[in-house]
Amino acid sequence: MLEHAEDLARAKGCRALILDAAFFRTEAHAFYEHNGFAKDCYSFET
């Protein structure tokens, strides 16, 4: 499914695919990193 999302984004001319996962979802973070994504920022809210 992730590869399909990347293919669709490329076909639409997107220059980036940004994923959002909750801070505590460390397994999801590892999955995305394993598939070539890099941690880019931390998000803060009140």
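Miscellaneous remarks
- Some residue of region 9-25 being modelled with pLDDT of 90 or more, among the aromatic types (Phe, Trp, Tyr) and within 12 Å of the chain's Cα centre (by Cα): no
- Boolean, Ala21 is open to solvent by less than 70 Å² (accessible area, probe 1.4 Å), part of a helix (DSSP H, G or I) and out of contact with any strand residue (DSSP E or B) (no Cβ under 7 Å at 6 or more places or on another chain): no
- Close pairs from region 1-18: first under 23 Å from Lys39 (Cβ atoms), partner among the small types (Gly, Ala, Ser) and part of a helix (DSSP H, G or I), Cβ under 9 Å, at least 6 apart: Arg15/Ala9; Ala16/Ala9; Leu17/Ala5; Leu17/Ala9
The values are calculated or read from the model by the stated rules, or taken from the named source; none is laboratory data. All of these numbers come straight from a predicted model, not from anything done at the bench. With ideal geometry, Cβ positions are generated from the backbone for all residues, glycine too; neighbour counts draw on all protein chains shown. In case anyone asks, the SASA skips ligands and DNA or RNA and just uses the protein heavy atoms, side chains included. Shrake-Rupley method; radii C 1.70, N 1.55, O 1.52, S 1.80 Å.
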